[in-house]
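Remarks on the structure that follows.
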Amino acid sequence: MPLKLGMLGMWHTHADGVVRRVAEHPDEFTLVGFHDSDPQVVAAQSKRWEGAIPNYRVFDTADELLRQPLDGIVVEGRVYENLKLARVALESGRPVMLEKPAGVDLDEHRRLIDLAHKKHLHVQMIYLFRYMSAVQEMLNRAKRKEFGRIYEFRGRLPKDLPSYARYVDELGRYKGGIYFEMAGHLVDMLVTLLGKPRKITPFMAHHHTADPKSFIDNGIAVFEFDQAFGIIEVPALEVVPYTRRIEVYGTEGALIIPHLGSGHLANKNSQPVEVYRTGNSAWQTVDLTAATLQIADLREFAAVVAGKKAPDFSMEHDLIVQHALLASSGMLA
């Protein structure tokens, strides 16, 4: 039987990918219904999705949706409302796939995870870069200790300058601006490789000539570990293509992902990874077939909910990531 899902909140950019993957795999998943409190969001997304989802249905309230037979809830609303939506889902007895980042209040996130533990339910963050081919290659090589002791992680995740006005409109309410929106993808990888940072120093700035001056459009954060540094850069001023990258350097080797790609824009069919190991005469390029994003997240959720495996990324890991993201965004109260 397909896993029966409901979607609370329909606003987030990544929601479309989830809907498309469900539509492509009807033997594994089905979307029973949707709810969003904003009629304009409902109207816009319904135009995109009602032809893809059989028996497409939008419910007027979250309670109405949650009265349906559901195995799990996907939360895809606006970041500031998502923790409340996730809590409603947990209180109804459903596990949750929660869109990134995990809200704006760390204590509220902690309370959500406490509730999940109390009810023996799973909350899985949707950091969709986790299952990119190149990222999986990086994580698997790290597990095999191919880099030796990692002493530096550097990640860059820019957003394009032509979309600047939209970023201000969507993200201006968040103190961390564009950095807060994007950096979590990289913080997630940094914590996976190096654990919890002992010190975080944010450098948040407005470097565009356009207003508002309060909008953070160029953010850099430095993360300190006992034997390593992490550096994450997120500008909203990019005019150069294919510059999203991760670099990992260790005492026995290194790996570079020269272009991470995107969750919702056009991506190349292959993802090259540049690898160096001690004893090699030069860097080697490994060409990987690009994975279809978000289907792996859905399958991970289904397997964990069914009790077939432990989570690849625990709820405790996600709390560390959210703490580090808020601290590095200058948003930790």
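None of Leu90, Leu8, Leu31 is closer than 25 Å to Ala324 by Cβ and either aliphatic (A, V, I, L, M) or under 22 Å from the mean Cα position of the chain (by Cα) (or both) except Leu90.
Among the residues of segment 25-61, those identified as in a helix (DSSP H, G or I) and among the β-branched types (Val, Ile, Thr) are Val41, Val42. Restricting to segment 193-245, name every residue that is surrounded by 21 or more Cβ atoms within 10 Å (Cβ to Cβ) and either over 21 Å from Gly177 (Cα atoms) or touching a Pro at 6+ places or on another chain (Cβ under 9 Å) (or both). Hits for segment 193-245 are Leu194, Pro197, Asp217, Gly219, Ala221, Phe223, Gly230, Val234, Pro235, Ala236, Arg244.
The residues on offer are Glu181, Glu224, Glu146, Glu170, and the sole one that is within 23 Å of Tyr276 (Cα to Cα) and either at pLDDT below 95 or of a type outside the set (A, V, I, L, M) (or both) is Glu146. Among the residues of segment 6-24, those that are touching a Lys or Arg at 6+ places or on another chain (Cβ under 9 Å) and either buried (at least 21 other Cβ atoms within 10 Å of the Cβ) or part of a loop (DSSP other than H, G, I, E, B) (or both) comprise Gly6, Gly9, Trp11, His12, His14, Val19. Selection of segment 76-102 for residues being surrounded by 20 or more Cβ atoms within 10 Å (Cβ to Cβ) and not aliphatic (A, V, I, L, M) yields Glu76, Gly77, Asn82, Arg94, Pro95, Glu99, Lys100, Pro101. Could you tell me which numbered condition Met1 fails, if it satisfies all but one of (1) more than 24 Å from Glu181 (Cα to Cα); (2) in a helix (DSSP H, G or I)? Just one mismatch for Met1, condition (2). Evaluated against (1) surrounded by 19 or more Cβ atoms within 10 Å (Cβ to Cβ); (2) closer than 25 Å to Leu98 by Cα; (3) at pLDDT 95 or above; (4) not acidic (Asp, Glu), Leu293 falls short on exactly one condition, (3). The helices (runs of 4 or more DSSP H) falling completely within segment 62-159 that include 1 or more residues that are farther than 28 Å from Met331 by Cβ, in contact with a helix residue (DSSP H, G or I) (Cβ under 8 Å, 6 or more places away or on another chain) and outside the structural domain of Gly9 (by TED's automatic domain parsing) map to 133-143.
The values are calculated or read from the model by the stated rules, or taken from the named source; none is laboratory data. Computed from a prediction, not measured in an experiment: that's the story for all the values here. Cβ: placed from backbone, ideal geometry, glycine included. Neighbour counts: every protein chain shown.
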